[in-house]
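*Asks:* Here it is: the structure, laid out below.
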Amino acid sequence: MRVIAILVASAVIAAPAFAQQAQRSSNPQGVQIQGNTEIKAKQENTAAVAVGEGNVAKNTAGAIKGGTQIQGNTKITASQKNTAAVAVGKNNTAANEAGVIGGK
């Protein structure tokens, strides 16, 4: 009986030593990139307008947003020309996103 109790106690004490450490990002949004990443982005004559309460209008070209995990080589080539994002009214969202990976 004592031998079993000692084995159980030893297993409980040793378990954290054998547990795998979870990989955590230093970025609070959790973007993890393993490999080579090349981003080329170009925007011309862009405009983003939000009118009203709580609206979001944005133009994004060549971005890696939060909550994204990339393994391997990644190449993003994005271009926007004469783009416009307009949000009018309550709780509306408008976005022009070229070459965007992940997130909201």
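The values are calculated or read from the model by the stated rules, or taken from the named source; none is laboratory data. Because the structure is predicted, anything quoted here is derived from the model rather than measured. Neighbour counts are summed over all protein chains in view; Cβ atoms, including those assigned to glycine, are modelled from backbone coordinates with ideal geometry.
*Asks:* Could you please find all residues in the stretch 77-90 being within 30 Å of N36 (Cβ to Cβ) and over 19 Å from the mean Cα position of the chain (by Cα)?
*Replies:* Of everything in the stretch 77-90, those that are within 30 Å of N36 (Cβ to Cβ) and over 19 Å from the mean Cα position of the chain (by Cα) turn out to be S79, Q80, K81, T83.
*Asks:* Could you count how many residues in the stretch 67-104 are closer than 30 Å to E53 by Cβ and basic (K, R)?
*Replies:* Here the count works out to 2.
*Asks:* Further question on the same structure: Within the stretch 10-20, is there a residue that is β-branched (V, I, T) and at pLDDT below 85?
*Replies:* Checked the stretch 10-20: at least one residue is β-branched (V, I, T) and at pLDDT below 85.
*Asks:* Name the residue, out of T60, T74, T93, that is within 15 Å of N36 (Cα to Cα), surrounded by 13 or more Cβ atoms within 10 Å (Cβ to Cβ) and either under 18 Å from the mean Cα position of the chain (by Cα) or β-branched (V, I, T) (or both).
*Replies:* Step by step, each of T60, T74, T93 is checked, and only T74 is within 15 Å of N36 (Cα to Cα), surrounded by 13 or more Cβ atoms within 10 Å (Cβ to Cβ) and either under 18 Å from the mean Cα position of the chain (by Cα) or β-branched (V, I, T) (or both).
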